[in-house]
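One structure below.
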Amino acid sequence: MPESAAAATPPALPARGSLLGFDFGLARIGVASGELETGHAAALETLHEESNNARFGAIARLIDEWKPVALVVGLPRHLDGDEHELSARCRRFANQLHGRFGLPVMLTDERLSSVEAEQQLREAGVKQWRERKQQLDAVAAQLILQHFLDSIRHAKS
């Protein structure tokens, strides 16, 4: 179930509007876009900026371009549901997004998203690790955002 970074319960989302999803990592951040009306997500890009200012500058450009109604950040957990060592960093990132951009930010479980992204890229014929690595974080962000979209659609039915 999605959880909000800024509030105890997820905000009500409109029927239409775009979302940006993030697969946060210390070295890279995968980004995906999604649409509430269609319920579909797509990989956008992987941010490689090293400084926080450069990272948030790149995110600001994406927000200006896509004009999302909300943001979704993957929250890593171990298979048993326990918090992952990166969970606190992801929560901090989500809170920074909310503070900088004033948009609702939801956290959603991202267990095995990178493993699934790796498998999807292999199945799509991306054989070389270097090629897969360049797309991996954005595809993981797509899977995170798709999981979120599926969960809110399921909650409505």
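The values are calculated or read from the model by the stated rules, or taken from the named source; none is laboratory data. Computed from a predicted model, the values in this text were never measured in an experiment. Neighbour counts run over all protein chains shown; Cβ positions are idealised from the backbone, glycine included. With ligands, DNA and RNA removed, areas are computed over all heavy atoms of the protein, side chains included. Shrake-Rupley method; radii C 1.70, N 1.55, O 1.52, S 1.80 Å.
Extending 7 Å from Cα along the Cβ direction at Ala88 and again at Lys67 yields two label points whose distance is 4.0 nm. Charge tally for Leu145 (other residues, Cβ to Cβ under 12 Å; Lys, Arg +1; Asp, Glu -1): -4. Full extension of the chain between Thr38 and Arg77 yields a length gain of 11.3 nm, computed as 0.36 nm times the residue separation minus the alpha carbon distance.
Accessible-area rank, largest first, for Leu36, Leu13: Leu13, Leu36, with all protein chains present and a 1.4 angstrom probe.
The listed residues Glu49, Glu110, Glu65, Glu83 rank as Glu65, Glu83, Glu49, Glu110 when sorted by accessible area, largest first, using a 1.4 Å probe. Look at where the Cα atoms of region 84-109 and of region 43-79 average out, and the two centres are 10 Å apart.
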